[in-house]
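The values are calculated or read from the model by the stated rules, or taken from the named source; none is laboratory data. Remember, it's a predicted structure, so these values are computed and weren't measured experimentally. So basically every Cβ, Gly included, is an ideal-geometry build from the backbone, and we count neighbours across all protein chains shown. Side chains are part of the model used for accessible areas, which takes the heavy atoms of the whole protein and leaves out ligands, DNA and RNA. Shrake-Rupley method; radii C 1.70, N 1.55, O 1.52, S 1.80 Å.
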Amino acid sequence: MKNTDLVLKQRRKKEIEDIIAKNQRENFKYTKPKHKLKPLIVKINDVAKFVFSATKNKFVELQTVPSKLNNYQLYSYFLKLEAIDVEELNIQHYLITKNEMIKRGLIMGKIQPLNDTTQTYGF
């Protein structure tokens, strides 16, 4: 009787160990990482960036972030913005660029609010 109990306990123990080992092997399966394609970005004049849009099947201009530009790029970009006609200009983007110039000390002036552009500036 004792021998059969020992044999049954050893079989159960071995079955449990096999189940645990199988579960551990399933948890550590290797999955090959999928490579993401980087978007095609084209720079023009160190400021204007264009990215290829697959949905539109053409290059779309990315909005320039003034805080990411160095001082020379920011100053030349600001001069380009000032040369654009008021009706075609994005006033809030212009004010963001101008505020960044003021923060860096490239021009003198007060930092202007972005939200109420129509009454304050007459645009």
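Ignoring ligands, DNA and RNA, how do His35, His93 rank by accessible area with a 1.4 Å probe, largest first? Can you show the working numbers first?
Working: His35 160, His93 20 Å².
Ranking His35, His93 by accessible area, largest first, yields His35, His93.
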Under a 1.4 angstrom probe, counting protein chains only, how are Thr64, Thr31 ranked by accessible area, largest first? Thr31, Thr64
Computed label-point distance, nm, for sites Ile44 and Lys14 using a 7 Å Cα→Cβ extension: 7.5
What distance in nm lies between label points placed 7 Å from Cα along the C-beta direction at Val65 and Met108? 3.2
Ranking by accessible area, most exposed first, for Arg11, Arg104 with a 1.4 Å probe: Arg11, Arg104
Using a 1.4 Å probe on heavy atoms of the protein chains only, the accessible area for Glu17 in Å², nearest 10, reads 100
Please work out how much accessible surface Ile96 shows to a 1.4 Å probe, ignoring ligands, DNA and RNA, in Å² rounded to 10. 70
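For each pair in Lys43/Lys98; Lys36/Lys103; Lys36/Lys58; Lys56/Lys98; Lys49/Lys103, compute the distance between the two Cα atoms and list the pairs where it is over 30 Å. Mind dumping the intermediate values first?
Working: Lys43/Lys98 22 Å; Lys36/Lys103 38 Å; Lys36/Lys58 20 Å; Lys56/Lys98 32 Å; Lys49/Lys103 24 Å.
From Lys43/Lys98; Lys36/Lys103; Lys36/Lys58; Lys56/Lys98; Lys49/Lys103, over 30 Å: Lys36/Lys103; Lys56/Lys98.
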Quote to one decimal, in nm, the extra length available between Leu79 and Ile91 on full extension: 0.36 nm per residue of separation minus the C-alpha distance between them. 2.9 nm
Which far-off residues, 5 or more places away or on another chain, put their amide H under 5 Å from the one on Leu62, with H placed in the peptide plane? Lys49, Phe50, Val51
